[in-house]
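Engineer: Sharing a structure with you now.
The values are calculated or read from the model by the stated rules, or taken from the named source; none is laboratory data. Remember, it's a predicted structure, so these values are computed and weren't measured experimentally. In this analysis, Cβ positions are derived from the backbone assuming ideal geometry, glycine residues included, and neighbour counts consider all displayed protein chains. These area figures cover heavy atoms from the full protein model, side chains too; ligands, DNA and RNA do not enter into them. Shrake-Rupley method; radii C 1.70, N 1.55, O 1.52, S 1.80 Å.
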Amino acid sequence: KAGVTQTPRYLIKTRGQQVTLSCSPISGHRSVSWYQQTPGQGLQFLFEYFSETQRNKGNFPGRFSGRQFSNSRSEMNVSTLELGDSALYLCASSLNTGGNEKLFFGSGTQLSVL
Amino acid sequence: AQSVTQLGSHVSVSEGALVLLRCNYSSSVPPYLFWYVQYPNQGLQLLLKYTSAATLVKGINGFEAEFKKSETSFHLTKPSAHMSDAAEYFCAVSDPPGGGNKLTFGTGTQLKVEL
């Protein structure tokens, strides 16, 4: 079974631009979560989607948004990029959304904002 | 809100020695607790999880953790370290328990294994 696939692996953008990151979950998984990882703030939850509906949202500004498609693939979008958005963005999938689920993580998208 | 605290951002052990990585949690209700490992340039991998079934939880790669309510702790141990265990380890709590897959992670502990 293929694992969680995130594209692209690396991305370089400039301030003010917008970016879209993609995540393909493991086949059959209906929940997709997104996390931001930085050296200063560590791992922070962005949002979770389950069956195309946002289940949870973290404490990030409205510039960060996401969506999930009917095939469970998910995208996250960051508009008006700031230098502080430079981070590793991790996507994780799981079968369900019970809170005690095993999350399967992708290798992440490394975003650099110049 | 639930939270976890990992004591020691860096831990160094000799190969074959006991590994002990500390995690304390703060939760107003029985928590769901997790340990994840991250190898360089990779995503996170679940080592083990506590979901109130048994207080001693066994995971992959010889790791285990014991849930101690009286101490609000969920420390990760492995009897004998191997070079391949060198990685960053994260303790996490489901926030809130049963409220979806929102995890609150600790700041991580970098484990170094020396010959």
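Engineer: Of all residues being open to solvent by less than 20 Å² (accessible area, probe 1.4 Å) and not acidic (D, E) in the range A:43-61, which is farthest from A:N77 (Cα to Cα)? Just the residue, please. Give the steps one after another, and end with the answer.
Structural biologist: Taking the range A:43-61 and keeping what is open to solvent by less than 20 Å² (accessible area, probe 1.4 Å), we get A:43, A:45-49, A:58.
Checking which are not acidic (D, E) leaves us with A:43, A:45-47, A:49, A:58.
Values: A:L43: 18, A:F45: 15, A:L46: 11, A:F47: 12, A:Y49: 14, A:G58: 15 Å.
It comes out as A:L43.
Engineer: So, one more: Could you check the range B:88-103 and list, in sequence order, the residues that are surrounded by fewer than 19 Cβ atoms within 10 Å (Cβ to Cβ) and either in a strand (DSSP E or B) or without any contact (Cβ under 8 Å) to a residue 40 or more places away in the chain (or both)?
Structural biologist: B:E88, B:G99
Engineer: Yes or no: the range A:1-20 includes at least one residue that is among the charged types (D, E, K, R) and closer than 14 Å to A:S74 by Cα.
Structural biologist: no
Engineer: Report, by residue number, each residue of the range B:37-60 that is more than 7 Å from chain A (Cβ to nearest Cβ), open to solvent by less than 70 Å² (accessible area, probe 1.4 Å) and assigned to a strand (DSSP E or B).
Structural biologist: Residues satisfying the conditions are B:V37, B:Q38, B:L47, B:L48, B:Y50, B:V57.
Engineer: Still on this structure: Out of the residues in the range A:9-34 meeting the condition of being within 15 Å of A:T97 (Cβ to Cβ) and part of a strand (DSSP E or B), tell me which one is farthest from the chain's Cα centre (by Cα).
Structural biologist: The selected residue is A:S31.
Engineer: If you don't mind, another one. Name the one entry in B:F105, B:F34 that is under 22 Å from A:S31 (Cβ atoms), in contact with a Gly (Cβ under 9 Å, 6 or more places away or on another chain) and not basic (K, R).
Structural biologist: On the way: B:F34 fails: in contact with a Gly (Cβ under 9 Å, 6 or more places away or on another chain).
Testing whether each residue is under 22 Å from A:S31 (Cβ atoms), in contact with a Gly (Cβ under 9 Å, 6 or more places away or on another chain) and not basic (K, R) leaves just B:F105.
Engineer: Those residues that are under 16 Å from B:W35 (Cβ atoms) and either open to solvent by less than 10 Å² (accessible area, probe 1.4 Å) or in a loop (DSSP other than H, G, I, E, B) (or both), I need them from the range B:104-115; list them, please.
Structural biologist: B:G106, B:T107, B:G108, B:T109, B:L111, listed by residue number.
Engineer: Across the range B:61-81, what is the number of residues that are at positive phi, in contact with an Asp or Glu (Cβ under 9 Å, 6 or more places away or on another chain) and open to solvent by 50 Å² or more (accessible area, probe 1.4 Å)?
Structural biologist: Qualifying residue count, the range B:61-81: 1.
Engineer: Only residues that are more than 7 Å from chain A (Cβ to nearest Cβ) and among the charged types (D, E, K, R): list them for the range B:94-111, please.
Structural biologist: Across the range B:94-111, the qualifying residue is only B:D95.
Engineer: With (1) open to solvent by 50 Å² or more (accessible area, probe 1.4 Å); (2) more than 15 Å from B:N101 (Cα to Cα); (3) not aliphatic (A, V, I, L, M) as the list, and A:G108 as the residue in question, which single condition is left unmet?
Structural biologist: (1)
Engineer: Return the pairs, sorted by first residue and then second, in which the second residue is part of a strand (DSSP E or B) and crowded, with 21+ Cβ neighbours inside 10 Å, the first residue lies in the range A:37-50 and is in contact (Cβ under 8 Å) with a residue 24 or more places away in the chain and more than 9 Å from chain B (Cβ to nearest Cβ), the beta carbons are less than 6 Å apart, and the residues are 6+ apart or on different chains.
Structural biologist: Matching pairs, first to second residue: A:T38/A:A87; A:L46/A:W34; A:L46/A:Q36; A:Y49/A:V32; A:Y49/A:Q68; A:Y49/A:S74.
Engineer: Would you mind finding the one in B:G16, B:G43, B:G62 that is closer than 22 Å to A:T97 by Cβ and of a type outside the set (F, W, Y)?
Structural biologist: B:G43
Engineer: Provide a single number: the residues in the range A:73-114 that are assigned to a loop (DSSP other than H, G, I, E, B) and either more than 9 Å from chain B (Cβ to nearest Cβ) or not polar (S, T, N, Q) (or both).
Structural biologist: The qualifying residues number 15.
Engineer: Now for a separate question. Considering (1) within 14 Å of another protein chain (Cβ to nearest Cβ); (2) within 29 Å of B:Y50 (Cβ to Cβ), say which one A:S27 fails and leave the rest.
Structural biologist: So the condition that A:S27 fails would be (1).
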